[in-house]
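J.: Can you read through this structure? Questions will come right after.
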Amino acid sequence: MYVCDNCSTVRILKVFLVICLSLVLLQYLINLATYSYVTKFLKDDSYGSHNRSAIGLFFPDVSDFFKNLQSVQEKNVTRSASENLTLPSEPANMTEIVTNIPSGKDDIGNLCPLVPPTLVGALATYKEVLSFEEMQKKYPELQAGGRYKPPDCKSRHRVAIIVPYRNREDQLKILLNNLHPVLERQQLDYAIYITEMAMPTTFNRAILMNIGYTEALKDYDFQCFIFHDVDLIPENDRNLYTCPENPRHMSVAIDKFNYKLPYAAIFGGVSALTKEHMIKVNGFSNKYFGWGGEDDDMMKRIQLSGLKLSRAPIELARYKMIKHGRDKANEVNKQRFNLLYAASKRAKKDGLNSLKYEVVKKEYKPTYTWVYVQVNQKEIMKS
Ligand code: BGN
């Protein structure tokens, strides 16, 4: 019969071993959790995971583009587990933006943290329609034109939000009431531009985005432009309104589309491009009067100019669409297939470099800048 001479020592050794293994396992789990938290914050989603769609039927070259698309994870923005959450080192694209800030060393020293500290994540969106006066009282920190800068640190991002607008005042009020608190918590140096066309011209979302971009740059040295539909309300403030290295599609998951991309190539809704991206792609086409196609045209431009597409992470890039009926401004653009077919040929001459409009009014209102313009549809379509 086996007799244990030294049973208590063996037991102690066993307990010690189990404690050691548990500590190693715990450390590993903490690292894993930190890593996924930070990468969730800073990385772009992989494009390959989304479905392809019928768009290839219309545009063979776009279809090829998607075949060749690789993961669009932004270079250098993912973090290692050991990096500290509050004081991470600068990723390459951030450094680029920071050095672009024309300010002294002292200001750079007072930069806002890379991860804004007061974000809350998933949001209970505001559905009530506040009057503009109520909104002005609710957001007294806004400067004329719907401008804001964080009061106690230097923002890392100068961002213009451009909202093409038509006759949908309630939607605009809901959007402003939801967007301002999100952008403030994200510690952005931002302004909101509402660009509107004098009717009866057919609505042209793309030209209004080009105009918003141009008019915003007349006011301030913005680096980043977020093109935003008036009816999309962000559901998570961790979906940062900033511009990464490549053009970014931000409204990845919309409730109307069951929080899925309706097709892989979609670039509509909310998208982010830097000034450099806009110059490289010659902005949006000016010729899309009526609903549809202008965002697909931009996607072609991105492809042509050698940029990649990036997507905000699907868990964060969630939006509610405010319901609206079909109105005349929603008129479908019957020309869009023809325009799209020749999009690559037109890109160099139709866009920012051919943009023509007349500013009827530009007003710096308490919660937004209003740019009211006249465009000549016939002339634009002829050129
Ligand atoms: C697509 C539209 C996009 C629009 C999305 C989502 C076209 C071009 C012909 C294929 N594209 O069908 O502009 O953003 O739906 O609504 O109509």
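J.: Enumerate the residues in region 286-303 having an amide nitrogen under 15 Å from the point lying 7 Å beyond the Cα of residue 337 toward its Cβ.
T.: In region 286-303, the label zone of residue 337 (backbone N under 15 Å from the point 7 Å along Cα→Cβ) covers 292-293.
J.: Here is a follow-up. Whenever you get a sec, compute what percent of the accessible area on region 213-252 sits on carbon and sulfur atoms (1.4 Å probe).
T.: On region 213-252, the fraction of accessible area on carbon and sulfur atoms equals 44 percent.
J.: Sorted by mean Cβ packing within 10 Å, highest first, what order do the peptides 122-132, 275-285, 369-379, 166-176 take?
T.: The densest-packed peptide leads the list: 275-285, 166-176, 369-379, 122-132.
J.: Can you work out the accessible area per residue across region 117-382, with the rest of the protein chains kept in place, probe 1.4 Å, in square angstrom? Don't skip to the end; give the middle numbers.
T.: On the way: 10710 Å² over 266 residues.
Value returned for region 117-382: 40 Å² of accessible area per residue.
J.: Could I ask something else about it? Which shape class applies to region 247-383: rounded if a/c is under 1.5, otherwise prolate when a/b exceeds b/c and oblate if not, where a ≥ b ≥ c are the square roots of the Cα gyration tensor eigenvalues? Don't skip to the answer; put the middle values down first.
T.: Details: a/c = 1.40, a/b = 1.17, b/c = 1.20.
Cα axes put region 247-383 in the rounded bin.
J.: I've got another one for you. Roughly how many percent of the accessible protein surface of region 256-383 is carbon and sulfur, given a 1.4 Å probe and a whole-percent answer? Mind showing how you got there, number by number?
T.: Working: 3500 of 6430 Å².
Solvent-exposed carbon and sulfur of region 256-383 make up 54 percent of the total.
J.: Pop the C-beta distance of residue 314 and residue 129 into the FRET formula with R0 = 41 Å and round what comes out to the nearest 0.05. Before the final figure, lay out the partial values.
T.: Details: r = 29 Å, r/R0 = 0.72.
After rounding to 0.05, the efficiency reads 0.90.
J.: Taking only C-alpha pairs under 8 Å that are 6+ residues apart, what is the relative contact order of region 110-249 in percent?
T.: Relative contact order comes out at 36 percent.
J.: With every protein chain kept in the model, how would you rank 245, 358 by accessible area, 1.4 Å probe, largest at the top?
T.: 358, 245
J.: Continuing with the same structure: Applying 1/(1 + (r/R0)^6) with R0 = 30 Å to the Cβ-Cβ distance of residue 359 and residue 321, what FRET efficiency is obtained, to the nearest 0.05? Numbers along the way, then the final one.
T.: Numbers: r = 30 Å, r/R0 = 1.00.
It comes to 0.50.
J.: Could you compute how much accessible surface residue 153 exposes when probed at 1.4 Å, giving the result in Å² to the nearest 10?
T.: 20 Å²
J.: Less than 20 Å from a label point 7 Å out along the Cα-to-Cβ axis of residue 201: which backbone N atoms in region 135-171 qualify, by residue?
T.: Residues 162-169 fall inside that zone.
J.: Right, another one. Once the piece of chain linking residue 118 and residue 26 is laid out straight, how much longer is it, given 0.36 nm per residue of separation minus the C-alpha distance between them? Numbers along the way, then the final one.
T.: On the way: separation 92, 0.36 × 92 = 33.12 nm, distance 2.78 nm.
Full-extension gain reported as 30.3 nm.
The values are calculated or read from the model by the stated rules, or taken from the named source; none is laboratory data. Small disclaimer: the values here were computed from a predicted structure and weren't measured. Methodologically, a virtual Cβ is constructed for each residue, glycine included, from the backbone with ideal geometry; neighbour enumeration extends over all protein chains shown. Surface accessibility is based on the protein's heavy atoms, side chains included, excluding ligands, DNA and RNA. Shrake-Rupley method; radii C 1.70, N 1.55, O 1.52, S 1.80 Å.
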